[in-house]
Amino acid sequence: MAKKKNNPRLKVRTDRSFQKKSNCRDERVAIVDIDKITFSFKDVISNHPKGNMQSFESWQKDKILSKLLEKLRYLSELTIQEAKQQGFITEYNKFPDNTDFKCPKQFKDGARWSVIKKITGQKTRIVRHIVDNIFYIVFLDKDHQFWKTKKKHT
C-alpha cells in the first residue's frame, strides 16, 4: 500500500490556532463631518391651521420638489455658518408675529427658527428649527408667508 503524502496547503489546526489574535489590525475610523448640515423630516407639517396647505406632493405638482432636494444636497456639504455667509439661511431665532403659520405646540419653548431660501427664486423657502447642526424641516413655504415683510421699492 502506498504511503499517503501530506498536502502542504492543508494545515493541521490546533486549539490555539482557533483563538482570535488580539490587536492584530488597524482600527478603521469613520469619517464624519459633524459640523456639516444634516436634515430631518420628522417634524414636517403639511396641514397648517391657518389654511396654508403645502406638502411634498403639492411641491411635486408645482415642479419645485426636485429643486428643493438639489438644494438640500448642496447645503449638506456646508456648515451652518457657511450657508449663512452664502445667503442660503436666515435665522430669526423666534417664531414671527406676522405670519400665515401657527407655531406647533412642541416648539413653543424657545426653538430657534430660520429659513432656507434661494430654492427657486426669491419666494420659495423651507422653514425649520435648528438644534446644533441639524435642520429640522417643519414647514414648506413657496409663497414667502412665514416671515411676512412689507414690499420694498414698489
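General remarks:
- Working note: Karplus 6.51/-1.76/1.60 with θ = phi - 60° gives region 103-118 the couplings 5, x, 3, 5, 10, 5, 8, x, 5, 8, 9, 7, 10, 9, 10, 6 Hz, where Gly and Pro are set to x.
- Calculated P(r) tail over 22 Å for region 32-141, as whole % of Cα pairs: 28 percent
- Across region 79-126, the convex hull enclosing all Cα atoms gives 95 Å³ per residue.
- Among the GluC sites (Glu not before Pro) in region 58-145, those located in a DSSP loop and surrounded by at most 14 other Cβ atoms within 10 Å of their own Cβ are Glu77.
- If the chain linking Asp100 and Asp143 were pulled fully straight, counting 0.36 nm for each residue of separation and taking away their Cα-Cα distance, it would gain 14.5 nm.
- Amide hydrogen neighbours beyond the local backbone of Arg112, cut-off 5 Å, H modeled: Ile130
Readers should treat all values here as calculations from the given coordinates under stated rules, not as data from a laboratory. Computed from a predicted structure; not experimentally measured. A quick note on method: Cβ atoms are made from the backbone with ideal geometry, for glycine too, and the neighbour counts reach across all protein chains shown.
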